[in-house]
Every structure is written in structure tokens, then in C-alpha cells.
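Notes follow the structure.
Read-outs: derived from the displayed coordinates by stated rules, not from any lab. Computed from a prediction, not measured in an experiment: that's the story for all the values here. Note that we place each Cβ from the backbone using ideal geometry, even for glycine, and neighbour counts take in every protein chain shown.
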Amino acid sequence: VSSHDERARRIGLNESIFRSLNEDLEKLADRTGHGSRLTLICECGRAECTDRIEMPRERYERLRADPLAFAVVPGHEQLEFEDVIGREDGLTVVRKRGEAAAEVARETDLRG
Ligand SMILES: [Zn+2]
């Protein structure tokens, strides 16, 4: 395994952890009834990043339909491992590139 794959895998794992946190935040929002707008954690995969992203719930649902897509704070994209597929108000949508990262994203997709 190359060190590039190693890093891609580690970042992918971190992203997946934040994604599942965000799934919990979404469910919590369900219960408290503040449903239309979600405050989520940046999914950039940097362990030290705790930045927040706000987006409408239906936007998040569309994002989550693609297991390789993640929402990050603008500027937090890591072009070595992912492509930017959308820039919107206050967030950037990235899509994982490369087998190692894609594998992690799929393996850990709770909705898969
Ligand atoms: Zn971030």
C-alpha cells in the first residue's frame, strides 16, 4: 500500500466519522422539530476541524444520496483526494476520487 493510499484511507475514515455524526445531528433535528435547516460539522476529514456548515435539510438529503459526496467548508477541499462538484452558499461539495478512499466511503455508508 502506497503512502498516498494510506493517507487517502485515513482521511476517508475521518470523513466517515463526521458523516455519521452528521447523520445523528440530522436525526436529533428531527426530534426537536427544527427540521428545515441543519447545522452540520464540516466533513473535510481533518481531525482538528470542528467548523460548522448550515444547509437546508433537503439539500443534505440530496448530498447523502451519493455515498462518495461530502460537504465541507469552502477552502477545506483536499484536491489530492477529491474533486469539487459544487460550490454553494457557505459550503463546498466534494466527491472522493481514488479506490482507497472510495472503498472506505462505501464501506462506512450507513445507508448503503
Ligand atoms: Zn473542515
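Protection proxy ranking of 14-22, 44-52, by the mean of other Cβ atoms within 10 Å over each peptide's residues and highest first, is 14-22, 44-52. Using C-alpha pairs below 8 Å separated by at least 6 residues, the relative contact order for the chain is 26 percent.
Counting charges near LEU91 (Lys, Arg +1; Asp, Glu -1) among other residues having Cβ under 11 Å from its Cβ returns a value of -3. Highest mean packing first, where packing is the average number of other Cβ atoms within 10 Å per residue, the peptides 83-90, 54-61 line up as 54-61, 83-90.
VAL72 sits among other residues whose Cβ lies under 10 Å from its own Cβ, and their net charge, with Lys and Arg +1 and Asp and Glu -1, is -4.
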